[in-house]
Amino acid sequence: MHHFWLIRHALVHRDSLTFLYGTNDVPVCSDTMTAQGAHYAALAARLPHPARMVCTPLSRTQLTADALMRAGYPAQERLIDPAFIEQDFGDWQGLPISRFEDRSPEERHPFWPIHPTEVPPGGESFLQLIERVGTGLETLRETAAGKHTIIVSHGGAIRAACAYAMGLTPHQALCLQIDNISLTRLEYGHGGWRVLSVNEHSSTLPCQPAAAAPFAASRQQEAKPTEGALP
């Protein structure tokens, strides 16, 4: 059994949000990162340790890992793995996203600037991204020394990981919402791959029973006249 904890990187600087940046190494929004200190602390406390930590070659994933360690996650070296980098849009990287908004529904995905099977000039399709990320997951699984791997990655690559684990079509995978600083969990066991959670946020806490409350009340102890009534 091996567990994968996939985290989308911090929000990028607002000057880059209107462009198709893909694998370009754009800066993060430092103001937002500072303001979200509590979210980083909650996520750091949620993650398992020990665990192998993986980042992509782009600085926005490595700076996110740094922020998690400042927020309390044990400091460690990380593996830099290009298998989990964002989709490469080739010659279209750096173009305004508005240039793709006028495309017809046949030419693009509702939640992605281009069609899932389209190969940009000098780049790769989302279908090819699924294949790349799937190969990366299998390599990490086969080389794992422990039970947990944390991957700080990108929205497209995390969607691709879910598609690989669940056998989704590229269209279905691109319908998944993956927010910045969200957690997606995959697991590989004897039955194969499965997805445990998608787009989990620090506000999504595990259920903790109240210390003073009984584990369960018997039917005889329940107040029959008000059972099922609104308070």
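The values are calculated or read from the model by the stated rules, or taken from the named source; none is laboratory data. None of these values were measured; they are calculated from a predicted model. Quick reminder, even Gly has a Cβ in these numbers, built from the backbone with ideal geometry, and neighbours come from all protein chains shown.
Numbers at a glance
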quantity: Every pair of residues 6+ apart whose Cβ atoms lie under 8 Å, when the first sits in the range 83-106 and is on the phi < 0 side of the Ramachandran plot while the second is part of a helix (DSSP H, G or I) and of a type in the set (Lys, Arg); calculated: Ala83/Arg132
quantity: Residue that is farthest from Ala160 (Cα to Cα) [pool: residues in the range 82-93 that are under 17 Å from the mean Cα position of the chain (by Cα) and not in a loop (DSSP other than H, G, I, E, B)]; calculated: Pro82
quantity: Boolean, Gly22 is closer than 25 Å to Glu101 by Cβ and small (Gly, Ala, Ser); calculated: yes
quantity: Matching helices (runs of 4 or more DSSP H) fully within the range 1-81 where at least 2 residues are of a type in the set (S, T, N, Q); calculated: 30-35, 59-70
quantity: Pair list, Cβ under 9 Å, 6 or more apart: the range 107-122 residue over 16 Å from Gly155 (Cβ atoms), other residue among the aromatic types (Phe, Trp, Tyr) and at pLDDT 95 or above; calculated: His115/Phe126; Thr117/Phe126; Glu118/Phe126; Pro120/Phe89; Pro120/Trp92; Pro121/Trp92; Gly122/Phe89; Gly122/Trp92
quantity: Odd one out for Ser197 among (1) closer than 20 Å to Tyr73 by Cα; (2) without any contact (Cβ under 8 Å) to a residue 60 or more places away in the chain; calculated: (1)
quantity: Test set (1) more than 30 Å from His190 (Cβ to Cβ); (2) at pLDDT 95 or above; (3) aromatic (Phe, Trp, Tyr); (4) more than 16 Å from the chain's Cα centre (by Cα) - Tyr73 fails condition number; calculated: (1)
quantity: Test: residue in the range 46-53 that is within 15 Å of Leu11 (Cβ to Cβ), crowded, with 18+ Cβ neighbours inside 10 Å, touching a Ser or Thr at 6+ places or on another chain (Cβ under 8 Å) and modelled with pLDDT of 95 or more; calculated: no
quantity: Residues within the range 181-203 that are on the phi < 0 side of the Ramachandran plot and either at pLDDT below 50 or touching a helix residue (DSSP H, G or I) at 6+ places or on another chain (Cβ under 7 Å) (or both), tallied; calculated: 9
quantity: Ser59, sole failed condition from (1) closer than 23 Å to Ile181 by Cα; (2) small (Gly, Ala, Ser); (3) in contact (Cβ under 8 Å) with a residue 40 or more places away in the chain; calculated: (3)
quantity: Spans of strands (runs of 3 or more DSSP E) in the range 94-211 with at least 2 residues surrounded by fewer than 17 Cβ atoms within 10 Å (Cβ to Cβ); calculated: 183-189, 192-200
